[in-house]
1. Just the residues that are hydroxyl-bearing (Ser, Thr, Tyr), in contact (Cβ under 8 Å) with a residue 12 or more places away in the chain and outside any loop (DSSP other than H, G, I, E, B), please, taken from region 40-63.
2. Mind counting the residues in region 127-153 that are without any contact (Cβ under 8 Å) to a residue 40 or more places away in the chain and small (Gly, Ala, Ser)?
3. Taking the residues in region 111-153 that are touching a Phe, Trp or Tyr at 6+ places or on another chain (Cβ under 8 Å) and in a loop (DSSP other than H, G, I, E, B) as candidates, determine which candidate is surrounded by the most Cβ atoms within 10 Å (Cβ to Cβ).
4. Tell me, please, whether a residue that is surrounded by fewer than 17 Cβ atoms within 10 Å (Cβ to Cβ), part of a helix (DSSP H, G or I), within 16 Å of ligand 1 (Cβ to nearest atom) and touching a residue at least 24 places away in the same chain (Cβ under 8 Å) can be found in region 86-96.
5. Give the residue that is nearest to residue 110 (Cα to Cα), with candidates limited to residues of region 23-69 that are of a type in the set (A, V, I, L, M, F, W, C) and more than 11 Å from ligand 1 (Cβ to nearest atom).
6. Do any residues in region 20-39 that are within 19 Å of residue 163 (Cα to Cα) have Cβ atoms under 8 Å from those of residues that are of a type in the set (Phe, Trp, Tyr) and within 16 Å of ligand 2 (Cβ to nearest atom), where the two are at least six apart or on different chains, and which pairs are they?
7. Within region 155-180, track down each residue that is closer than 15 Å to residue 223 by Cα and either crowded, with 17+ Cβ neighbours inside 10 Å or of a type in the set (A, V, I, L, M, F, W, C) (or both).
8. Regarding region 235-253, can at least one residue be identified that is of a type in the set (Asp, Glu), more than 25 Å from residue 294 (Cα to Cα) and away from ligand 1 (no atom under 16 Å from the Cβ)?
Amino acid sequence: MSEDQSQSRAGREEVWIEKYRPQTLSEVAGHEDIIERLQSYVDRNDLSHMLFSGPAGTGKTTSAMAIARELYGEDWQDNFLELNASDQRGIDVIRDRVKSFARTSFGGYEYRVIFLDEADALTSEAQSALRRTMEQFSNNVRFILSCNYSSQIIDPIQSRCAVFRFSPLGDAAIEEQIHRIAEAEGIEVTDDGVEALVYVAGGDMRKAINGLQAASVTGKVVDEDAVFEITSTARPEEITAMVEQALDGDFTAARSELDRLLTDQGIAGGDVLDQIHRSVWEFDIGDEAAVRILDRVGEADYRITEGANERIQLEALLASLALEE
Ligand SMILES: Nc1ncnc2c1ncn2[C@@H]1O[C@H](COP(=O)(O)OP(=O)(O)OP(=O)(O)O)[C@@H](O)[C@H]1O
Ligand SMILES: [Mg+2]
């Protein structure tokens, strides 16, 4: 955590994602294989450079911080530098910070740890420079690079790192953490509330915990209504109904359902598309139709990324489903 971050956090009510961030590797939920491998590096006190790749909110930063805590105990913050590749103005700034950090260690440790978040934001030229920096300082520094897509990281870096692929967290890992936090905070969550949080999270623990905290603010029991409302998420059955209406050829009904989600419930078009994507295998349709829907979803997703109007893309998607036999 950078200094500005910890200062701005002070005095605010603590956010649960920080309050319940695992402090040790063994507290990290899921990822059993990864944690076992990381633990053995720590136990041998012999870190290699590492690359953590995977989607948001799955424990990459958390694991890096836990490693530092285990290696340095109370001195961890003095021997752990977190940089964000997309914050820093270019590779030169990163190199300067690495250089001054690598010069010494606090407390006589052999090496310090640098965590470079969003490494995939660096251009390949910048990554080549980073690779040279990693080599230059490899006696005094171990790098942990983090990215969402390892395919965006150049081979010479990948081959110098032990690569760890963090997958979306499973339902059980998320459920367990929700129960743990709810118990610690003394709030009541119904079974359908837990199920809704797991759905909303889609493998992202940060989303699950933020959803839980937001839904608990009213002081009432956290149930599925509270979760879907506070997170502006359509219920899976609303998505299913809309797509099935389109598949039945009733475009008008499908379109007005879409309008209700976008206008009345204020759900973002990109999120509706994402939910259609996630629900495809739950629709009451054959594989062939599912494949066709996925094809359309991919097309709409690409166009939205390129700046197309979300509502038009979603309507066009429903229209194309309604036109099919
Ligand atoms: N595996 C996990 N076990 C327990 N809590 C987790 C786990 N993963 C994430 N969390 C919770 O979610 C929060 C965010 O996780 P973290 O910062 O590790 O995500 P990340 O993988 O680095 O995501 P990003 O790609 O967005 O940086 C943590 O503070 C923690 O509360
Ligand atoms: Mg992170």
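The numbers here are math on the coordinates, done by the rules we state, and not lab data. Please read all numbers here as calculations on a predicted model, not as lab measurements. Here the Cβ is made from the backbone with ideal geometry for all residues, glycine too, and neighbour counts use every protein chain on show.
1. Just the residues of region 40-63 that are hydroxyl-bearing (Ser, Thr, Tyr), to begin with: 40-41, 48, 53, 58, 61-63.
Retained after the next criterion (residues that are in contact (Cβ under 8 Å) with a residue 12 or more places away in the chain): 41, 48, 53, 58, 61-63.
Within region 40-63, 41, 53, 61, 62, 63 meet the criteria.
2. 3
3. Checked region 111-153; the qualifying residue surrounded by the most Cβ atoms within 10 Å (Cβ to Cβ) is 140.
4. No: region 86-96 contains no residue that is surrounded by fewer than 17 Cβ atoms within 10 Å (Cβ to Cβ), part of a helix (DSSP H, G or I), within 16 Å of ligand 1 (Cβ to nearest atom) and touching a residue at least 24 places away in the same chain (Cβ under 8 Å).
5. 47
6. 31/166; 34/164; 34/166; 37/164; 38/164
7. If the condition is that a residue be closer than 15 Å to residue 223 by Cα and either crowded, with 17+ Cβ neighbours inside 10 Å or of a type in the set (A, V, I, L, M, F, W, C) (or both), then 175, 178 are the ones that fit.
8. Here is the first cut: in region 235-253, the residues of a type in the set (Asp, Glu) are 237-238, 244, 248, 250.
Retained after the next criterion (residues that are more than 25 Å from residue 294 (Cα to Cα)): none.
Scanning region 235-253, I find no residue that is of a type in the set (Asp, Glu), more than 25 Å from residue 294 (Cα to Cα) and away from ligand 1 (no atom under 16 Å from the Cβ), so the answer is no.
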